[in-house]
1. Quick check on packing: order 166-176, 120-130 by the mean number of other C-beta atoms within 10 Å, highest mean leading.
2. For region 156-250, what is the largest minus smallest coordinate of the Cα atoms on each principal axis, given in angstrom and ordered from greatest to least?
3. Quick check: Cα centre of region 37-75 to Cα centre of region 156-229, how many Å?
4. How would you classify region 42-87 from its alpha-carbon gyration tensor, with a ≥ b ≥ c the square roots of the eigenvalues: rounded for a/c under 1.5, else prolate if a/b is greater than b/c, otherwise oblate?
5. Quick check on region 202-242: take the gyration tensor over C-alpha atoms, sort the square-rooted eigenvalues as a ≥ b ≥ c, and tell me if it's rounded (a/c under 1.5), prolate or oblate.
6. Would you work out if region 145-208 is rounded, prolate or oblate? Take a ≥ b ≥ c from the square roots of the eigenvalues of the alpha-carbon gyration tensor; rounded if a/c is under 1.5, else prolate when a/b is larger than b/c, oblate otherwise.
7. Would you mind ranking 211, 88 so that the residue whose beta carbon has the fewest other beta carbons within 10 Å leads the list?
8. Return 63, 84 ranked ascending by Cβ neighbour count within 10 Å, so the fewest neighbours appear first.
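Throughout, read-outs are computed from the coordinates displayed, never taken from laboratory work. Note that the coordinates shown come from a computational prediction; the quantities given were computed from them, not determined experimentally. When we count neighbours, we look across all protein chains shown, and the Cβ atoms used for this are built from the backbone with ideal geometry, even at glycine.
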Ligand SMILES: [Zn+2]
């Protein structure tokens, strides 16, 4: 069973469909502790404490809020999490996937008879555009070729996030591009120096749309914790401030 720390809900698999469920509160977490003791003692089922499995030492901190007290991990959750996962899906997709390279303007029936040569040529054109990308003069770090994504560092995923729309635009399905655009804009809005409440709400809407569509396009196996938690990132920014404030990614 999967749990979400922001809402009182259990998932068989992570889903965006948590709208309508009650927001979890610090008081609610505290109320689960008598039940948690019974779970630990084997007197209650594992899920009886709404996903709690042990008592965090943070609970002993006076005034610390167990739900609102933790900021979002932008580097691992977004860059090394969702951006890497979705990119690998696109680059490694088999020929029957609508999100693979070479799908632009081509119906799925044609994809099924695509040859490996088509895949190679599509990949080559993406590589060529990526190789034209230059990082800002403020950093001496370089981006590496796409065939090295397994070794990429967070700063490379950050650069890729900024340019993957123009780099991929001629090689993937329009619906996938729209999905990536919502994700990119949703994150960039939360990386600004000044963020209004309206901007936070706009980002939330974009990222919830993204989460809701990942399952349809990429499959349920890609609905991971990192994808699901995006639907709550705007809330953490509202509580803590821009995503950049506690990350080590320059
Ligand atoms: Zn959730």
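1. On the way: 166-176: 18.2, 120-130: 15.0.
Ranking, from highest mean packing down: 166-176, 120-130.
2. Principal axes ranked by extent give 35, 25, 24 Å for the Cα atoms.
3. Centre-to-centre distance over Cα atoms comes out at 29 Å.
4. Values: a/c = 4.04, a/b = 1.54, b/c = 2.63.
Oblate.
5. On the way: a/c = 4.50, a/b = 2.04, b/c = 2.20.
Judged from the Cα gyration tensor, region 202-242 comes out oblate (a/c at least 1.5, b/c at or above a/b).
6. Working: a/c = 2.93, a/b = 1.48, b/c = 1.98.
Because a/c hits 1.5 or more and a/b fails to exceed b/c, region 145-208 counts as oblate.
7. Working: 211 25, 88 13.
Ascending Cβ contact count within 10 Å gives the list 88, 211.
8. Details: 63 6, 84 21.
By the 10 Å Cβ count, ascending, the order reads 63, 84.
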